[in-house]
Amino acid sequence: MPEATLNNSSTATDNVVDKHFRRLKSNSVALRSEGYKSRKRRLTKLRDWVMNNRPAIKEALFKDFKKPPEEVDLSEVYVVIQELNHAITHLKKWMKPKKVSTPLSLLGTNGAIHYEPKGICLIIAPWNFPFNLTVGPLVSALAAGNTVMIKPSELSPATSDLIHRMVEECFGDDDIVQVMLGDKETSTALLERPFDHIFFTGSPQVGKIIMEAASRHLSSITLELGGKSPLIVDEKANLRDTAEKLVWGKFSNAGQTCIAPDYVLCHEKIQNALLEEIRSAILRLFDPDGKGIQKSAAYARIINERHFDRLNDMLNEALDDGALLVSGGQTHREDCYISPTVLTGVDPDGKLSNEEIFGPILPVLSFNTVDDVITYINSKPKPLAMYLFCGGKENRQAIEKNTSAGGICVNETLVHFMHPNLPFGGANHSGIGKSHGHFGFLSLSNEKAVLKQRVGHTSVKLLYPPYTPRVKKMINLLLRYF
């Protein structure tokens with residue numbers, strides 16, 4: 001009986017997915033002839049909804065994992081509003097065909113790049129920034145003129161329900177955007193469909209599954225993954241400034257941020273001083289009144305008990321293997337609470353050293369020379385982000401030139417994500433493709449080459465067969481001079 005129930009449920013999910021997919025696919029063809037005003041109107045309506053529903057967004061995220069309202073405004077609402085404003089302002093220019101220069105060998109022709117919608121796009125969103133990382137890609141998809149299927153995370157159900165309501169109120173029955181709520185079974189059913197583009201945000205392990213599914217239909221993909229993003233502090237850095245920016249970047253959202261500093265590499269001469277500054281910064285940011293961080297209104301929770309157990313096991317393994325607890329270490333499973341925790345002496349073969357932590361646990365390692373830093377970073381997969389706090393340009397430039405990462409912040413953490421004119425994305429293990437602003441528009445568009453020639457005219461005719469001595473001479477001239 002349970003097996004029959006499961007099969008019936010699977011069939012029902014598949015039927016619903018198929019219905020929505022066919023409707024969106026059909027409408028995606030009609031959208032190709034749409035102009036700038038229709039897309040702008042859609043984006044404007046979405047922006048108005050977000051601004052008018054800030055209280056509901058904050059409430060949903062607090063229900064999901066006690067995310068502080070101010071943090072919601074900054075990391076969920078503001079980023080989305082900026083993305084919408086930027087797209088609305090620049091969309092007309094983005095959509096305009098781009099003329100290209102003509103080589104002498106094709107004199108008489110005109111070439112241009114036209115930006116057409118890819119078609120129907122699938123957005124599979126994560127739970128850690130469930131509003132931002134759903135609506136952000138949606139903005140790019142709508143700006144590019146696509147229809148969209150959204151699969152929000154089942155691990156943040158209150159926000160997923162809110163996104164479903166948002167889509168209904170903004171797009172109704174227009175067959176522009178649909179939301180599919182559900183779990184892994186729903187995701188599996190969606191990935192069986194031939195979407196024109198898949199935008200996934202999540203772990204590298206699941207990213208491989210998405211990429212494999214996309215390959216079956218030759219769907220283009222954007223993978224925003226993660227990895228172990230390092231933060232480097234040299235002996236000339238301003239330690240108080242570094243510590244505050246590090247603590248904010250690492251422990252916002254309880255460390256559940258794909259671009260959070262995963263570990264610190266600091267020069268051995270300043271390690272003790274940096275650790276003291278980090279301890280002080282944690283108290284200033286999260287416990288200014290001395291009542292305890294667990295009572296702080298500025299500190300989120302781990303999303304669920306399963307992820308709490310994963311982090312708690314990593315922490316206990318590190319301590320059992322000889323790591324030293326510098327700060328934090330308090331846990332409370334019923335509240336999904338792990339305090340901002342800093343460790344030294346972490347086993348290089350342990351989980352904290354080799355797996356993305358994705359939580360409020362920070363290993364601090366030391367180095368002696370900048371070559372040590374470069375060697376260590378290059379021994380690991382390319383990170384999504386890298387943070388450099390260097391007192392001079394020599395060390396900074398050496399690390400920038402000799403390592404690879406999706407993005408780099410100098411004397412700052414996280415905020416490159418908020419820059420609308422910078423591409424966001426990883427490199428290899430940390431992601432494929434770029435998003436945000438014009439880069440997101442391009443990723444969700446097909447850049448179509450269009451060449452125009454006058455009827456009856458072409459210099460290429462001089463190269464047509466039969467290949468007489470005269471034609472051969474023309475080919476030789478072409479190879480030599482053009």
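Here are a few things to note about the model shown:
- Using the alpha carbons alone, the radius of gyration of the chain stands to its Kirkwood radius in an Rg to Rh ratio of 1.04.
- Listed values for region 51-62 are Karplus-derived 3J(HN,Hα) couplings in whole Hz (6.51 cos²θ - 1.76 cosθ + 1.60, θ = phi - 60°), namely 5, 7, 10, 4, x, 5, 5, 4, 5, 5, 6, 5, and x replaces Gly and Pro.
- Under 5 Å, built H, 5+ apart or other chain: amide partners of L343: V326, L362, V364
- FRET E, pair R333, D173, Förster distance 51 Å, beta-carbon r, rounded to 0.05: 0.70
- Straight-line reach from K295: taking Cα to Cα under 26 Å and skipping same-chain neighbours fewer than 8 places apart, the lysines in range are K58, K63, K66, K67, K245, K250.
- Amide hydrogen neighbours beyond the local backbone of T201, cut-off 5 Å, H modeled: I124, E224
- Rg and Dmax of region 208-266, both derived from C-alpha coordinates alone, stand at 17.0, 52 Å.
- Cα gyration tensor shape for region 190-316, rounded if a/c is under 1.5, else prolate or oblate: prolate
- Distance violations [Cα-Cα > 28 Å] among K118/K461; K19/K118; K118/K151: K118/K461
- In terms of surrounding Cβ atoms within a 10 Å radius of their Cβ, R216, R42, R310, R22 rank from fewest to most as R216, R22, R310, R42.
- A crude spin-label estimate for the pair D241 and Q205, with each label 7 Å from Cα along the Cβ direction, gives 4.0 nm.
- Stretch gain in nm, segment N15-T458, where the contour uses 0.36 nm per residue and the Cα spacing is subtracted: 154.2 nm
- Calculated diffusion of region 230-425, Stokes-Einstein form, Kirkwood radius summed over Cα pairs, 25 °C and 0.890 mPa s, µm²/s: 145 µm²/s
- Amide H contacts for I221 (H built 1.01 Å from N in the peptide plane; partners 5 or more residues away or on another chain; cut-off under 5 Å): I198.
- Annotation for region 87-125 versus region 416-461: alpha-carbon center distance of 8 Å.
- Scattering curve values for region 439-479, log₁₀ I(q)/I(0), Debye with Cα scatterers, q = 0.15, 0.20, 0.26, 0.27 Å⁻¹: -0.59, -0.71, -0.90, -0.93
- Within straight-line reach of K37, meaning a Cα separation under 16 Å, sit the following lysines at least 8 residues removed in sequence or on another chain: K45, K92, K93, K96.
- Each Lys or Arg adds one and each Asp or Glu subtracts one; over the other residues with Cβ under 13 Å from the Cβ of R333, this totals -2.
Coordinate-derived values only; no laboratory data. Because the structure is predicted, anything quoted here is derived from the model rather than measured. Quick reminder, even Gly has a Cβ in these numbers, built from the backbone with ideal geometry, and neighbours come from all protein chains shown.
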